1. Taking each full run of DSSP H in the chain as one helix, which ones are at least 27 Å long along their axis (Cα atoms) and have mean Kyte-Doolittle hydropathy of at least -0.5?
2. Quick one: which residues, 5+ away or cross-chain, put their amide H under 5 Å from the amide H of Leu28? H built at 1.01 Å from N.
3. Would you work out what percent of the accessible area of the stretch 3-88, with all protein chains in place, is carbon or sulfur (probe 1.4 Å)?
4. What are the semi-axes of the equivalent ellipsoid for the chain, taken as the square roots of 5 times the Cα gyration tensor eigenvalues, largest first, in whole Å?
5. Quick check for you: with a 1.4 Å probe and neighbouring chains kept, what is the accessible area per residue of the chain, in Å²?
6. Run the helix sum for the chain: -39,500 (n - 2.57) per DSSP H stretch of 4+ residues, divided by residue count, reported at 222 nm to the nearest 500 deg cm²/dmol.
7. Cross-link partners among aspartates and glutamates for Lys52, C-alpha distance below 20 Å, same-chain residues fewer than 8 apart left out?
8. If packing is taken as the mean number of other Cβ atoms within 10 Å per residue, what is the order of 20-29, 71-80, highest first?
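The values are calculated or read from the model by the stated rules, or taken from the named source; none is laboratory data. Here the structure is a predicted model, which is why all the values come from computation and not from measurement. Glycine gets a Cβ as well: all are built from the backbone with ideal geometry, and neighbour counts include every protein chain shown. The area values use the complete protein model at the heavy-atom level, side chains included, leaving out ligands, DNA and RNA. Shrake-Rupley method; radii C 1.70, N 1.55, O 1.52, S 1.80 Å.
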Amino acid sequence: MSQLKTAMAILIEVFHSYSGKEGDKYKLNKSELKNLLETELEIDGGERREIKDMMRDLDADGDGEVDFQEYVTMVAAMTMVFNEFFQKY
Ligand SMILES: [Ca+2]
Ligand SMILES: [Ca+2]
């Protein structure tokens, strides 16, 4: 598989490995989101309010959970930040 296709497959796989743990299989609830952020992005979710703020930012349709589209939007936004970082240094 090409590199970009592999990256996409991993994005999908990571989402489902967290979203399928509780409740709606295709959405991340607060604790699933916390697990994903802490494990995959090494964001410290220790502070409860931060996760709550993050959920509110990510939850574009306001249903209280993060669906695949909202997750991809987050990953794309973070990828752009990384890209700027690499261009600077
Ligand atoms: Ca879920
Ligand atoms: Ca949502």
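1. 68-88
2. For Leu28, the qualifying residues are Val66, Asp67.
3. On the way: 3440 of 6220 Å².
Percent of accessible area from carbon and sulfur atoms in the stretch 3-88: 55.
4. Values: eigenvalues 95, 61, 29 Å².
Over the Cα atoms of the chain, the ellipsoid semi-axes are 22, 17, 12 Å.
5. Heavy-atom accessible area per residue stands at 75 Å².
6. Values: 4 runs with 60 residues, N = 89.
Only helices count here, giving -22000 deg cm²/dmol.
7. Of all the aspartates and glutamates, those that pass the test against Lys52 - Cα under 20 Å, at least 8 places apart if same chain - are Glu22, Asp24, Glu32, Glu38, Glu40, Glu42, Asp44, Asp61, Asp63, Glu65, Asp67, Glu70.
8. Descending packing order for the listed peptides: 20-29, 71-80.
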